[in-house]
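Student: Structure provided below as structure tokens; questions to follow.
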Amino acid sequence: HKASRSSTFETTIRALGGLLSAYEFSGHDEMYLDKAKLLANRLMKAFTTRSGLAASSVPLHTDAHIGTTQTSFYLAEVGTLQLEFRALAQYTGEAKYEKAAMKFMHLMADRVLEHGAEALSTTQVNERGNNAGGRVTMGGGGDSYYEYLLKLWVQSTYSVQDAPFKRVWEKAMNEADKKLVRRTGGSSPRTYLSPQPMEHLACFLP
């Protein structure tokens, strides 16, 4: 439907990520890369917010500017775009994709490593990456942001340039161990992550 909007996050990880995976597994069939670029160019409208952080949704049927005034963002949505957009930038040689998606990660790394903010964030953040509501969780709304911090470092082949993301991830894991890990008592103690009930999305945590 022409009036509909698509989730930036879901479209990126499933559709764009799928096309890039097909490109890799097909032995670099250019058809998949062309389709990935076509889709990404439509998704790039998401980054035309005032802050440059990705809007939650975009209309994919048009190239028109979306004109969003969004100032509050879900942590997992803006923090789970980078692997796909950076891979596309590497395959196409067009740095604009990586530059747009990575702005949020650089913002968060600076906030934590240079200004001493906690690495654990609420599920909603503002334009500066500061907590803006929701809860602190490794479950829905936060989970994949923490995954991508480490995966970006791995994707870069453990580069010094991306080491700050690894450091933020390590700091977040240390904070999670102190603040989110709970252990039950009794003869058969169990370990879980608060808040209860522990979500399946949090099971990635090492």
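Student: Among the listed residues ALA89, ALA22, ALA76, ALA119, identify the single one that is in contact with a Lys or Arg (Cβ under 9 Å, 6 or more places away or on another chain), of a type in the set (A, V, I, L, M), within 20 Å of VAL154 (Cα to Cα) and in a helix (DSSP H, G or I).
Tutor: ALA89 is the lone residue from the list that is in contact with a Lys or Arg (Cβ under 9 Å, 6 or more places away or on another chain), of a type in the set (A, V, I, L, M), within 20 Å of VAL154 (Cα to Cα) and in a helix (DSSP H, G or I).
Student: Another one. Taking ARG190 and the conditions (1) open to solvent by 90 Å² or more (accessible area, probe 1.4 Å); (2) basic (Lys, Arg); (3) out of contact with any strand residue (DSSP E or B) (no Cβ under 8 Å at 6 or more places or on another chain), which numbered condition does it fall short on, given that it satisfies the others?
Tutor: (3)
Student: Do we find that LYS103 is open to solvent by 70 Å² or more (accessible area, probe 1.4 Å), in a helix (DSSP H, G or I) and under 25 Å from ASP143 (Cβ atoms) in this structure?
Tutor: yes
Student: Taking only pairs six or more apart or across chains, which ones have beta-carbon atoms under 9 Å, a first residue in region 84-100 that is within 11 Å of ALA40 (Cβ to Cβ) and open to solvent by 70 Å² or more (accessible area, probe 1.4 Å), and a second residue that is assigned to a helix (DSSP H, G or I) and not aromatic (Phe, Trp, Tyr)?
Tutor: Sorted first by the residue in region 84-100, then by its partner, the pairs are TYR91/LEU20; TYR91/GLU24; TYR91/LEU33; TYR91/ALA36; TYR91/LYS37; LYS96/MET44; LYS96/ALA89.
Student: Can you work out which of the residues in region 164-187 that are open to solvent by less than 40 Å² (accessible area, probe 1.4 Å) and over 18 Å from PHE104 (Cβ atoms) is nearest to the chain's Cα centre (by Cα)?
Tutor: Only one residue fits best here, namely MET173.
Student: Pairs please, first residue from region 3-19 and modelled with pLDDT of 95 or more, second anywhere and in a helix (DSSP H, G or I) and open to solvent by 40 Å² or more (accessible area, probe 1.4 Å), Cβ atoms under 6 Å, 6+ apart in sequence or on different chains.
Tutor: PHE9/GLU77; LEU19/TYR32; LEU19/LYS35
The values are calculated or read from the model by the stated rules, or taken from the named source; none is laboratory data. In this text the structure is predicted, and so the values were computed from the model without any measurement. Ideal geometry is used to build each Cβ from the backbone, glycine not excepted, and the neighbour counts take in all protein chains shown. Side chains are part of the model used for accessible areas, which takes the heavy atoms of the whole protein and leaves out ligands, DNA and RNA. Shrake-Rupley method; radii C 1.70, N 1.55, O 1.52, S 1.80 Å.
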